[in-house]
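Asker: Below is one structure. I have some questions about it.
The values are calculated or read from the model by the stated rules, or taken from the named source; none is laboratory data. A quick note: this is a predicted structure, and the numbers were derived from the prediction, not measured. Quick reminder, even Gly has a Cβ in these numbers, built from the backbone with ideal geometry, and neighbours come from all protein chains shown. Remember, those area values only see protein heavy atoms, side chains included, never the ligands or the DNA or RNA. Shrake-Rupley method; radii C 1.70, N 1.55, O 1.52, S 1.80 Å.
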Amino acid sequence: GIATSLKHFPGLGEVVTNTDFGAATDDDITADHPSLEPFRAGIEAGASSVMISSAVFTQLDPGVEGVFSQVIIS
């Protein structure tokens, strides 16, 4: 009855703005950034869900919040 969720993909820890109170932007995360490795490992280990960050990741999908980005979600 317990599910595991990884959060906040692809790396909310890299932003300085709290997304509860404002728009956050990350200019560093790329598809091969080392901080994505824990997400890969968690998915391979069988995590049942991944929470997506609401920050904008300019190197992945500029101008689109992660939660609405087809690039990031897929």
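Asker: What FRET efficiency, computed as 1/(1 + (r/R0)^6) with R0 = 22 Å and r the Cβ-Cβ distance, is obtained for Phe68 and His33, rounded to the nearest 0.05?
Answerer: On the way: r = 20 Å, r/R0 = 0.93.
Efficiency at R0 = 22 Å is approximately 0.60.
Asker: Please report the Cα spread of segment 9-50 along all three principal axes, rounded to whole Å, starting with the longest.
Answerer: 33, 21, 11
Asker: Rounded to a whole number, what % of the accessible area of the chain do carbon and sulfur atoms account for, probe 1.4 Å?
Answerer: Numbers: 2570 of 4760 Å².
Carbon plus sulfur share of accessible area: 54 percent.
Asker: Whole-Hz ³J(HN,Hα) for each residue in segment 8-23, computed from phi via Karplus 6.51 cos²θ - 1.76 cosθ + 1.60 with θ = phi - 60°, x for glycine and proline: what do you get?
Answerer: Once rounded to whole Hz, the list reads 10, 4, x, x, 4, x, 8, 9, 9, 8, 6, 5, 6, 10, x, 7.
Asker: While we're looking at this one, here's another question. DSSP loop chymotrypsin sites (Phe, Trp or Tyr not before Pro) in segment 9-74 with at most 15 other Cβ atoms within 10 Å of their Cβ, which ones? Can you show the working numbers first?
Answerer: Values: sites: Phe21, Phe39, Phe57, Phe68; in loops: Phe21.
When the chymotrypsin sites (Phe, Trp or Tyr not before Pro) of segment 9-74 are filtered for loop state and at most 15 Cβ neighbours within 10 Å, Phe21 remain.
Asker: Expressed as a whole number of Å, what is the distance separating the alpha-carbon centroids of segment 45-62 and segment 1-43?
Answerer: Value for the Cα centre distance between the two parts: 6 Å.
Asker: Further question on the same structure: Rounded to whole Å and ordered largest first, report the semi-axes of the equivalent ellipsoid of the chain derived from its Cα gyration tensor (root of 5λ).
Answerer: Working: eigenvalues 85, 38, 24 Å².
Taking √(5λ) for each Cα gyration eigenvalue gives 21, 14, 11 Å.
Asker: Let me ask something additional. Counting only residues 5 or more places away or on other chains, whose amide H sits under 5 Å from the amide H of Lys7 once H atoms are built in the peptide plane?
Answerer: Residues meeting the amide H criterion: Met51.
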